[in-house]
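**Student:** My structure is below; once you've seen it, I'll send some questions.
The values are calculated or read from the model by the stated rules, or taken from the named source; none is laboratory data. Being a predicted model, the structure only gives us computed values, none of them experimental. Note that each Cβ is placed from the backbone with ideal geometry, even for glycine, and that neighbours are counted across all protein chains shown.
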Amino acid sequence: MFCHRCGANVAPDTKFCQACGQPLHMQGSPGGPPPVSPQPAPFTLTGDGKARTGAWIGEGWSIVKSDMGTFALMTLVMVALSATVPVILQGPLTAGFQIAMIHRILRGRVEFGDLFKGFNFFLPAMLASLVISVFTFLGLLACLVPALVVQAMYFFTYLFIVDRKMDFWPAMQASHEIVKKDYFGFTLLLLAFAGLHVLGVLCCLVGILWTFPIQYAALTIAYKEIVGFHSTSFD
């Protein structure tokens, strides 16, 4: 299990993080104080942590093709708003897309309005987007490969923000905990996503209306397998 505040690895039955002192009781758990507001939840990684590129992308496509119109509209709006206010809106909109995918997996349906529920996590999502962009730029200055690894390291940041109610930095650390088990595999997953987007561009640009949703769906499926969903409400 990992502390949601500092990312330290702690024993499953630990009540307080030995590194930072943060209480680790699950929200609403027996014996724990009643929460006044939603609190970040500790998490445990399952499985071997290996990336399953083909399986995740395949399942992602199955999700997207079930409601191609809604996902295409969400992508259009996200691209337009992100281009209007770069970096600032990209994080919250990405968080909203991940919420939409969680709803699709849990409830079997997605609504266009899910895209804007990411604004309920505006500050951590925006800061995550900003910091990841800076780290990626620094990686590009060093070499292309570090930039790719940085991008892969923070694949699951927005999912931890919306599902576990984490702040941006603990969410980034939690994402790294997943990816560091298979840097190579997750970097290949990133390259597979890049290949999908290239194909989308080659299809008269229209294809990217679905390649981005496939990416978000694949990451949400991976998160479900490795961590598991904790939240059902994102209001």
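**Student:** Determine which single condition Ala51 fails, assuming it passes every other condition in (1) closer than 22 Å to Val179 by Cβ; (2) in contact with a Phe, Trp or Tyr (Cβ under 7 Å, 6 or more places away or on another chain); (3) modelled with pLDDT under 90.
**Tutor:** It fails just one condition, (3).
**Student:** Let me ask something additional. Among the residues in region 133-151, are any under 23 Å from Arg104 (Cα atoms) and either not assigned by TED's automatic domain parsing to the domain that holds Leu89 or not small (Gly, Ala, Ser) (or both)?
**Tutor:** Kept after step one, since they are under 23 Å from Arg104 (Cα atoms), are these residues of region 133-151: none.
For region 133-151, residues under 23 Å from Arg104 (Cα atoms) and either not assigned by TED's automatic domain parsing to the domain that holds Leu89 or not small (Gly, Ala, Ser) (or both): absent.
**Student:** On the given criteria, is Lys165 buried (at least 19 other Cβ atoms within 10 Å of the Cβ), in contact (Cβ under 8 Å) with a residue 24 or more places away in the chain and outside any helix (DSSP H, G or I)? I'd like the intermediate steps shown before the answer.
**Tutor:** Values: buried (at least 19 other Cβ atoms within 10 Å of the Cβ): yes; in contact (Cβ under 8 Å) with a residue 24 or more places away in the chain: yes; outside any helix (DSSP H, G or I): yes.
Yes; evaluated as a whole, the condition is true for this residue.
**Student:** From Val79, Val145, which residue is under 19 Å from Pro213 (Cα atoms) and modelled with pLDDT under 95?
**Tutor:** Val79
**Student:** Ok, one more. Within region 166-225, which residues are closer than 22 Å to Pro146 by Cα and of a type in the set (Val, Ile, Thr)?
**Tutor:** Ile178, Val179, Thr187, Val198
**Student:** What are the pairs with Cβ atoms under 9 angstrom where one residue, in region 190-204, is in the same structural domain as Leu148 (by TED's automatic domain parsing) and of a type in the set (A, V, I, L, M) and the other, located anywhere, is exposed (fewer than 13 other Cβ atoms within 10 Å of the Cβ) and assigned to a helix (DSSP H, G or I)? Sequence gap at least six, or different chains.
**Tutor:** Within 9 Å, the pairs are Ala192/Gly54.
**Student:** Give region 221-235 a look and list any residue that's over 12 Å from Gly96 (Cα atoms) and either hydroxyl-bearing (Ser, Thr, Tyr) or not in a helix (DSSP H, G or I) (or both), or say none.
**Tutor:** Taking region 221-235 as the starting set, the residues that turn out to be over 12 Å from Gly96 (Cα atoms) are 221-233.
Once the filter is applied, which keeps residues that are over 12 Å from Gly96 (Cα atoms) and either hydroxyl-bearing (Ser, Thr, Tyr) or not in a helix (DSSP H, G or I) (or both), region 221-235 yields Tyr223, Val227, Gly228, Phe229, His230, Ser231, Thr232, Ser233.
**Student:** Additional query: For region 199-235, enumerate the residues that are of a type in the set (S, T, N, Q) and modelled with pLDDT of 90 or more.
**Tutor:** Quick first cut of region 199-235, residues of a type in the set (S, T, N, Q) only: 211, 215, 220, 231-233.
Answer for region 199-235, where residues must be of a type in the set (S, T, N, Q) and modelled with pLDDT of 90 or more: Thr211, Gln215, Thr220.
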